[in-house]
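In what follows, a structure is listed as C-alpha cells, so that the remarks can point back to it.
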Amino acid sequence: MLTDEQKQYQKNIGLYQPKRHVIKNCFKAFIVGGSICALGQFISNVYITYFPMTQKEAMSPTIATLILVAALLTGFGVYDRLGQFAGAGSLVPVTGFSNAMTSAALEHRSEGLVFGIGANMFKLTGAVIAFGVLSAYLVSLTRLLIKMLIQ
C-alpha cells in the first residue's frame, strides 16, 4: 500500500519521465525484425537455387550466414545503431544472439584471447546456451519416456 507521500512522488516523477512511443517502437521493431527474416529467406532461396539443397538442408547454412553477417556488422559498429533504432526487432532473431557474443568479445579483446575473449564472450549468452541445452535434454527425455510407455 502506497502512502500519500509515495503517491505524490509517483505523480511528480511522472512529469519528468520521457513518454514512451509504444506504437512507433512496435512498428520499428516489426519492420527491422521482418527485414532480417526476409533477408534470411532470400539467403535460403539462394542456397536452394544455386546449390543442390532442399529447404531443410538450406537451414543450417542460412543461419550460419546470418550469424556471420551480424558479427561483421557488429564489428563495424552498424548493428549497434540498428539495435538502438529497432530495439527488440534486432534482438529477437538469431542475429541478436550473434551481436551479443561479438560485442562482448570485442569489448574484452585487449585482455587476450583466452582470458579476454574466450572467458567473457559467453557472459551474456551463457545463460541462453545453458537454458537451450537443458530444454533440449528435457524435451528429448520426455519424448523418450512417452515412446517407451506407448510400446
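Please treat every number below as a calculation from the coordinates, not as lab data. Remember, it's a predicted structure, so these values are computed and weren't measured experimentally. With ideal geometry, Cβ positions are generated from the backbone for all residues, glycine too; neighbour counts draw on all protein chains shown.
Applying the Karplus relation 6.51 cos²θ - 1.76 cosθ + 1.60 with θ = phi - 60° to the range 96-102 yields 3J(HN,Hα) values of x, 5, 5, 4, 5, 5, 5 Hz, where x marks Gly and Pro. The separation of the range 8-68 from the range 71-98, counted between C-alpha centres, amounts to 9 Å.
Of the trypsin sites (Lys or Arg not before Pro) in the range 105-151, the ones in a loop by DSSP (not H, G, I, E or B) with at most 14 other beta carbons within 10 Å are 123. Placing +1 on the Cβ of every Lys and Arg and -1 on the Cβ of every Asp and Glu, with nothing else charged, gives the chain a dipole about its Cα centre of roughly 380 debye. Each peptide in 130-137, 71-78 receives the mean, over its residues, of other Cβ atoms within 10 Å, and ordering these scores from highest gives 71-78, 130-137. Only helical runs count toward this figure. For the chain, summing -39,500 (n - 2.57) over DSSP H runs of n ≥ 4 and dividing by all residues gives -24500 deg cm²/dmol at 222 nm. The overall shape of the range 19-120 is oblate: from the C-alpha gyration tensor, with semi-axes ordered a ≥ b ≥ c, the ratio a/c is 1.5 or greater and a/b is no larger than b/c.
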